[in-house]
Amino acid sequence: VKMSEVEEAFMRIKTHKGVKGIFITNYSGVAVKSTMSASDTHRYGTLLATLTQTARSTIRELDSQNDLVFLRVKSRKHEILIAPDREYLLVVIQNSDDD
């Protein structure tokens, strides 16, 4: 994936109503790119990487031929969308529709 494609995708996602932040991080919480502060990105990235690894492990435990493709977590305030890859996570944090 070219960096220009990543930039284009970030810009496109950022324009969606309610989007608070977007970032790409590795499973150690190290950000590759982010629209959020470094501390928020690291905090969210580390916690969400753990959550994603647990969800992936659960899916594989239930069916060894299956894998996690997408994870959506909704709270009263926010909705967190996670697209996991082998080495990285793409995360979008947006306001919940229930506001």
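In table form, for the structure just shown:
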| read-out | value |
| --- | --- |
| Under 11 Å, Cβ to Cβ, from P84 - net charge with Lys/Arg +1 and Asp/Glu -1 | -1 |
| Rounded percent of accessible protein surface that carbon and sulfur make up, the range 37-98, 1.4 Å probe | 50 |
| Net dipole in debye of the chain [+1 Lys, Arg Cβ; -1 Asp, Glu Cβ; about Cα centre; nearest 20] | 220 |
| Interchain or long-range residues, amide H under 5 Å from V32's placed H | I24, T25, N26 |
| Using alpha-carbon coordinates, inclination of helix 38-62 to the longest axis of the chain, degrees | 30 |
| Whole-number accessible area per residue in Å² for the chain, which is evaluated in the context of all protein chains at 1.4 Å | 69 |
| C-alpha long axis of helix 3-14 to longest principal axis of the chain, angle in ° | 80 |
| Net +/- balance of residues flanking Y27 in space, Cβ distance below 14 Å, scoring K and R +1, D and E -1 | 0 |
| Relative contact order (%) - the chain, alpha-carbon pairs under 8 angstrom, separation at least six | 26 |
| Net length gained if the chain between I13 and S96 were fully extended (0.36 nm per residue, minus Cα distance) | 28.3 nm |
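The values are calculated or read from the model by the stated rules, or taken from the named source; none is laboratory data. Everything numeric in this text was worked out from a predicted model, so none of it was measured. Heads up, the Cβs are rebuilt from the backbone with ideal geometry, glycines too, and the neighbour counts pull from every protein chain shown. These accessible areas exclude ligands, DNA and RNA; they are computed on the full protein's heavy atoms, side chains included. Shrake-Rupley method; radii C 1.70, N 1.55, O 1.52, S 1.80 Å.
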